[in-house]
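The values are calculated or read from the model by the stated rules, or taken from the named source; none is laboratory data. Owing to the predicted nature of the structure, the values given are computational and were not obtained by experimental measurement. Glycine also receives a Cβ, built like all others from the backbone with ideal geometry; neighbour counts cover every protein chain displayed.
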Amino acid sequence: MADTVLSVDNVTMQFGGVTALSDVTFGIMRGEILGLIGPNGAGKTTCFNVITGVYTATSGAVTFDEQPLAGLKRFQITKRGIARTFQNIRLFPDMTAIENVMVGVDVNHKTSVGGALIGSRRHHREEREGRDKAMELLTFMGIADRAGDAARNLPYGYQRRLEIARALATKPKLLCLDEPAAGFTPAEKQELMDLIRRIRAQGYTVLLIEHDMSLVMGVTDRIVVLDFGKIIATGSPAEVQNNPDVIAAYLGVPDDAA
Amino acid sequence: MSLSGTFKDLTSKPARAISGVGERIGEMPTVSRWSLIALFIVSMYLMPWWPEVPVLGWLVDTPGTSFEGVITDKVVIYVLVALGLNVVVGLAGLLDLGYVGFYAVGAYTVGVLSSQHANLPWLVCVPIAVLVSMAAGVILGTPTLRLRGDYLAIVTLGFGEIIRISANNAEWLGGSRGISKIAKPPNIGPLKFGILDAKPYFFLGLTFIIVVVFLLRRLENSRVGRAWNAVREDEDAAELMGVNTFKFKLWAFAIGAAIGGLAGTLYAGKVRFINPSNFPLQLSILFLAAVVLGGTGNMWGAILGGAVVAWMPERFRGFADKRVFVFGVALVLVMVFRPQGLIPRKIRKERWLVNWKPPESTPQSGEAEVGRG
């Protein structure tokens, strides 16, 4: 596949005696929305953590843009173009919404202590660019009206969207969303689906972890299903939906059939 | 809960809008803003004469000791130290219990270069001492900043002690006798740095403070300040958002150390005699108390905290040997009634945002306003 943004090859992740991921292999094509689903404890978030460098895989490799990610620090992986949100919101609570996003924009900036002290031209340019970019993203996410409020004082839905804005600010080639709809009402989920589509329309590739089947079915191009750390199915939403293994994993298997 | 966790809970709660003085000054027209700032600075330079002002004089004067001496020997130095420690503890959120070490490195560098082993003038020693302190910060930080929270606190605690004990045992640093005849700052026109008049030292220290405040403000309002804040708020999230956390933590350490060293040079130049017992662990704790008392993460808080911690024991000299007790009670009272410090950290609202209007197209969503009000 020529246009694979990210490929996960035979990744196994063990914590002591527990195997969280076992020989997981999948790829993400440029411009697609790939759903990563599975029951609780299937290893979805672990998979995210391996991709973004939080964990180092026990074996296997993650290749991004034809470059191996092994050995890179987390912030370097972000610089390469993988950004993520968190299942449990992890904003910078005492910073304003706009500052949260500006931290993301700063990934592509270079001003350090020297430039800031002398007030270099680059510092001013980057600050201006940071504000404009951040404001643009907050507007895109529909939360610009609270730009000056501390993240901790924002309503829950705003916080979720602020996380996405902060991730987008790093100009990622791959955006990883970890259960972005957790705790949302159906109406809000609908809104989020539209948003994810709009994000893709801007040219981003999205990896979406989601629990809610209807959301995943409605928005993704392709789905990878994990169960107990193994991939049990891959395919289009319709294919996956009718896969007996998937149904068994989600709904359980009747005792007499097992 | 861990030590530093509790510490963070104590100090990192969001500040409720307290006075709004800063915002009100920020909204003023440029001319009145700058005249107000100028007026403030002038009144600071006039501090040695404060005891002669009717009400203020009674309030601030230190019976039993010279007020001039208190503000030069202690207040100015504590404020400078608090400013430096605030970068480490308040901005980057790294608990440093051995900050006195950097202060000692600054003072000892001046001692060694101007008296013990060479005869360099004080003014030449200062930049060298600042660089040496900074290097000490980098040397301490490089291996230890991989640690977090409690572990970092313990290692820095050890560092402060190592510096003091090494100085005590190293003959070339004067051992326990210390270093005497340290160079004093050069006379500038009518400002004669002697033993009789403390004012010139005060003016010099105040000037240092103003320069440091000016530079720190620039850092706070830059990518560097944002990175520090992000590290303090959530180090993992910061790193996953592309912040090179180690680099910025090291910068915080180095800059904090440099300011601590600068305070040390001022101290050495004033007292002109240093020995290891000038740099006890207790001083580290007192410096940290100054930052926490003033308001962790707020530069003005650190300044006020440093000044109060330096001045209060002298103000209460009338209580004789109970003055330390009175000082302790005063500290506890402040922490009970203002747990975030005298001037808590504020959520920074940029000035350009105050006038910013949301665009018409902002989609409205009817979510419950959780956590507001």
**Prompt:** Are any of the residues in the range B:259-277 within 30 Å of A:Ile77 (Cα to Cα) and either under 12 Å from the mean Cα position of the chain (by Cα) or not β-branched (Val, Ile, Thr) (or both)?
**Reply:** no
**Qualifying residue in the range A:39-46 (condition: assigned to a strand (DSSP E or B), more than 14 Å from chain B (Cβ to nearest Cβ) and crowded, with 18+ Cβ neighbours inside 10 Å)** = no
**Request:** Kindly provide the set of residues from the range A:141-164 that are part of a loop (DSSP other than H, G, I, E, B), more than 7 Å from chain B (Cβ to nearest Cβ) and farther than 21 Å from A:Ala83 by Cα, ordered by number.
**Result:** A:Asp149, A:Leu154
**Asked** How about the range B:236-261: which of its residues are out of contact with any Gly (no Cβ under 6 Å at 6 or more places or on another chain) and more than 19 Å from A:Leu162 (Cβ to Cβ)?
**Response** B:Asn244, B:Thr245, B:Phe246, B:Lys247, B:Phe248, B:Lys249, B:Trp251, B:Ala252, B:Ile255, B:Ala258
**Asked** For A:Met95, all conditions in the list (1) surrounded by fewer than 22 Cβ atoms within 10 Å (Cβ to Cβ); (2) within 7 Å of chain B (Cβ to nearest Cβ) hold save one; what is the number of the exception?
**Response** (1)
**Prompt:** Of all residues in the range A:81-90 being touching a residue at least 40 places away in the same chain (Cβ under 8 Å) and surrounded by fewer than 24 Cβ atoms within 10 Å (Cβ to Cβ), which is nearest to the other protein chains (Cβ to nearest Cβ)?
**Reply:** A:Arg90
**Request:** May I ask you to list pairs of residues, at least six apart or on different chains, whose Cβ atoms are under 6 Å apart, with the first in the range A:143-157 being without any contact (Cβ under 8 Å) to a residue 40 or more places away in the chain and the second being of a type in the set (Gly, Ala, Ser)?
**Result:** A:Asn153/B:Gly371
**Asked** Right, A:Val105: more than 8 Å from every other protein chain (Cβ to nearest Cβ) and within 22 Å of B:Asp236 (Cβ to Cβ) or not?
**Response** yes
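Just give me the residues in the range A:114-125 being buried (at least 19 other Cβ atoms within 10 Å of the Cβ) and within 7 Å of another protein chain (Cβ to nearest Cβ), in sequence order. Show your work before the answer.
Taking the range A:114-125 as the starting set, the residues that turn out to be buried (at least 19 other Cβ atoms within 10 Å of the Cβ) are A:115-116, A:123.
Listed by number, the residues that qualify are A:Ala116, A:His123.
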**Item:** Single condition A:Ser7 does not satisfy, out of (1) more than 20 Å from A:Val216 (Cβ to Cβ); (2) in a loop (DSSP other than H, G, I, E, B)
**Value:** (2)
**Request:** Filter the range A:206-258 down to residues that are closer than 26 Å to A:Gln14 by Cα and in a loop (DSSP other than H, G, I, E, B), then give me how many there are.
**Result:** 5
**Asked** Within the range A:12-33, how many residues turn out to be closer than 20 Å to A:Gln67 by Cα, hydrophobic (A, V, I, L, M, F, W, C) and surrounded by fewer than 23 Cβ atoms within 10 Å (Cβ to Cβ)?
**Response** 2
**Message:** Regarding the range A:37-44, can at least one residue be identified that is touching a helix residue (DSSP H, G or I) at 6+ places or on another chain (Cβ under 8 Å), in the same structural domain as A:Leu251 (by TED's automatic domain parsing), modelled with pLDDT of 90 or more and not β-branched (Val, Ile, Thr)?
**Reply:** no
**Message:** Condition first: at pLDDT below 95, touching a helix residue (DSSP H, G or I) at 6+ places or on another chain (Cβ under 8 Å) and basic (Lys, Arg). Now tell me which residues in the range B:244-277 satisfy that.
**Reply:** B:Lys270
**Request:** Assess whether A:Arg200 counts as being basic (Lys, Arg), more than 14 Å from chain B (Cβ to nearest Cβ) and within 29 Å of A:Glu129 (Cα to Cα).
**Result:** yes
**Complete:** Selection over the range B:154-178 where residues are surrounded by 14 or more Cβ atoms within 10 Å (Cβ to Cβ) and either farther than 23 Å from B:Leu286 by Cβ or in contact with a Pro (Cβ under 8 Å, 6 or more places away or on another chain) (or both) yields a count of 7
**Request:** Residue by residue through the range B:41-100, note down the ones that are acidic (Asp, Glu) and surrounded by 14 or more Cβ atoms within 10 Å (Cβ to Cβ).
**Result:** B:Asp61, B:Glu68, B:Asp73, B:Asp96
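Among A:Val24, A:Val18, A:Val107, A:Val5, which is the only one that is over 30 Å from A:Ala151 (Cα atoms) and in contact with a Ser or Thr (Cβ under 6 Å, 6 or more places away or on another chain)?
Details: A:Val24 fails: in contact with a Ser or Thr (Cβ under 6 Å, 6 or more places away or on another chain); A:Val18 fails: in contact with a Ser or Thr (Cβ under 6 Å, 6 or more places away or on another chain); A:Val107 fails: over 30 Å from A:Ala151 (Cα atoms).
On inspection, the qualifying residue turns out to be A:Val5.
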**Request:** Can you tell me which residue among A:Thr78, A:Thr19 is within 14 Å of chain B (Cβ to nearest Cβ) and of a type in the set (Ser, Thr, Tyr)?
**Result:** A:Thr78
